[in-house]
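One structure is given here, and the rest of the page talks about it.
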Amino acid sequence: MVLLNYLSIFHNYEMSKTVCKNENNRGKIQIMADIVDLCKAGIRKTHIMYKGNLSYEQINRYLYELLEKELIIQNLDDGVLTYRATEKGRSFLQYYNLMLSILDENVINTAPPISKLA
């Protein structure tokens, strides 16, 4: 009996760690939006990597995808390769921020849904 209680407590503790861990991780869209946001003024790959808190493999994968989707472009400025957000990328950021603001709204509807139909 004691073993079962211990296992259930341990299992619940592990589950709560997993849930918290997932809440703290950024998703693909959020990372892409962060990178496009960093690229608004033009930035080098290493600066994106450090400011975006991404590994070398991650930054290469995301930059490739963002370039392919034409959300950012590469520029060669004075022999230095930089990345800039395109107009399409800026539009993506506007829609992304709009989506976040809609999801973050704290509107509480106190009227029951049935009364609206009557």
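A few notes on this one:
- Taking 0.36 nm per residue of separation and subtracting the current Cα-Cα distance, fully stretching the chain between Thr46 and Glu87 would add 12.5 nm.
- Set of aspartates and glutamates with alpha-carbon distance to Lys88 below 19 Å, sequence-local pairs under 8 removed: Asp34, Asp37, Glu65, Glu68, Glu70
- Amide H partners (placed H, <5 Å) of Arg26, local residues excluded: none
- Burial ranking of peptide ranges 50-63, 25-38 (average Cβ count within 10 Å, highest at the top): 25-38, 50-63
- Spin-label model, Glu65 to Ile102: label points 7 Å out along the Cα-to-beta-carbon direction sit 2.1 nm apart.
Coordinate-derived values only; no laboratory data. Keep in mind it's a predicted model, so treat the numbers as computed, not measured. Positions of Cβ are generated from backbone atoms using ideal geometry, with glycine treated the same way; all protein chains shown enter the neighbour counts.
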